[in-house]
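Heads up: the structure comes next, in structure tokens.
The values are calculated or read from the model by the stated rules, or taken from the named source; none is laboratory data. In this text the structure is predicted, and so the values were computed from the model without any measurement. Note that we place each Cβ from the backbone using ideal geometry, even for glycine, and neighbour counts take in every protein chain shown. To get the accessible areas, we keep the full protein, side chains included, count just its heavy atoms, and leave off ligands, DNA and RNA. Shrake-Rupley method; radii C 1.70, N 1.55, O 1.52, S 1.80 Å.
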Amino acid sequence: MLTCLLQIYLHGMTGRVLAMRRQNEELLAKQGELQLAETVFDNTAEAIVVTDHQGLVVSVNPMFIRITGYALADIKGRRLRLLAPPGGDAPLEQAWIGLQADHHWQGELVLARRNGELFTALVSVAAVSEGGSGRVTHYVGTFSDATEKKAALSQIEFMAYHDALTALPNRLLGRNRAQEAIARARRHGHQVAVLFMDLDHFK
């Protein structure tokens, strides 16, 4: 009888030990996932901002601080309207309305750094919902500074349609403008005149 009770006790202890081991393994796995998420949050090349369901800032990553100049202490508990340029918060309001309707918004916004300098941001924001209820608990936004990229694209476009030496419009731009003028004249029943001037020894 005593042996039987001892076996039952040991079996129960083994089950509890195995259950505790499983719980510890699950806890370690979750801790590993959280540590990985924290590493990604801190080291990603994009700015990340997390707000509550009302749009009040909860957390930002180091890249957000680097791009905007705002530390978490400066912006925590505040709305992101402070990133809007003076008198230019209408696009942010429209983005907020779209986000509440669709739980996702993506687009381009002109924002202001803490020092007042404007920059173009490529923004993506998504709602985070509570499991089961579908109630929005947070919003997570990511953005990158696209100012240099846009400037480079503008420069490439300019170089495609202008002479590198004189910065005057080249043949490609001239042909495009002529085609636009001809199409416009056809629509309105007008005529188009083209004047060609040649400068000797000018290439």
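Only residues that are within 12 Å of residue 51 (Cβ to Cβ), open to solvent by 90 Å² or more (accessible area, probe 1.4 Å) and part of a helix (DSSP H, G or I) were counted across the stretch 70-99, and they come to 1.
Restricting attention to the stretch 113-128, and to residues there that are in contact (Cβ under 8 Å) with a residue 24 or more places away in the chain and open to solvent by 60 Å² or more (accessible area, probe 1.4 Å), which single residue is nearest to residue 47 (Cα to Cα)?
Keep residues of the stretch 113-128 that are in contact (Cβ under 8 Å) with a residue 24 or more places away in the chain, which gives 113-115, 118-123, 125, 127.
So of that shortlist, the ones also open to solvent by 60 Å² or more (accessible area, probe 1.4 Å) come out as 114-115, 118, 122.
Working: 114: 15, 115: 17, 118: 16, 122: 10 Å.
Among those that are in contact (Cβ under 8 Å) with a residue 24 or more places away in the chain and open to solvent by 60 Å² or more (accessible area, probe 1.4 Å), it is 122.
A search for C-beta distances below 6 Å between a residue of the stretch 175-190 that is under 17 Å from residue 160 (Cα atoms) and any residue that is of a type in the set (A, V, I, L, M) and exposed (fewer than 11 other Cβ atoms within 10 Å of the Cβ), counting only pairs 6+ apart in sequence or on different chains, returns nothing.
Between 80, 56, 36, which is touching a Leu at 6+ places or on another chain (Cβ under 8 Å), under 21 Å from residue 140 (Cβ atoms) and either at pLDDT 90 or above or of a type in the set (A, V, I, L, M) (or both)? Working first, answer last.
On the way: 56 fails: touching a Leu at 6+ places or on another chain (Cβ under 8 Å); 36 fails: touching a Leu at 6+ places or on another chain (Cβ under 8 Å).
The conditions single out 80.
In the set 147, 68, 51, 120, only one residue is at pLDDT 85 or above and within 30 Å of residue 170 (Cα to Cα); that residue is 120.
Would you be able to tell me the number of residues in the stretch 101-112 that are open to solvent by 40 Å² or more (accessible area, probe 1.4 Å) and either of a type in the set (D, E, K, R) or under 17 Å from the mean Cα position of the chain (by Cα) (or both)?
Step one: of the stretch 101-112, the residues open to solvent by 40 Å² or more (accessible area, probe 1.4 Å) are 101-106, 108, 110.
Still in the list and also either of a type in the set (D, E, K, R) or under 17 Å from the mean Cα position of the chain (by Cα) (or both): 102-106, 108, 110.
The number of residues fulfilling the criteria is 7.
If a residue has to be open to solvent by 50 Å² or more (accessible area, probe 1.4 Å) and among the hydrophobic types (A, V, I, L, M, F, W, C) to count, how many in the stretch 57-69 make the cut?
Within the stretch 57-69, residues that are open to solvent by 50 Å² or more (accessible area, probe 1.4 Å) and among the hydrophobic types (A, V, I, L, M, F, W, C) number 2.
Hey, can you tell me all the residues within the stretch 169-200 that are in a loop (DSSP other than H, G, I, E, B) and either exposed (fewer than 11 other Cβ atoms within 10 Å of the Cβ) or modelled with pLDDT under 80 (or both)? Give the steps one after another, and end with the answer.
Just the residues of the stretch 169-200 that are in a loop (DSSP other than H, G, I, E, B), to begin with: 170, 189-200.
Once the filter is applied, which keeps residues that are in a loop (DSSP other than H, G, I, E, B) and either exposed (fewer than 11 other Cβ atoms within 10 Å of the Cβ) or modelled with pLDDT under 80 (or both), the stretch 169-200 yields 189, 190, 191, 193, 194, 195, 196, 197, 198, 199, 200.
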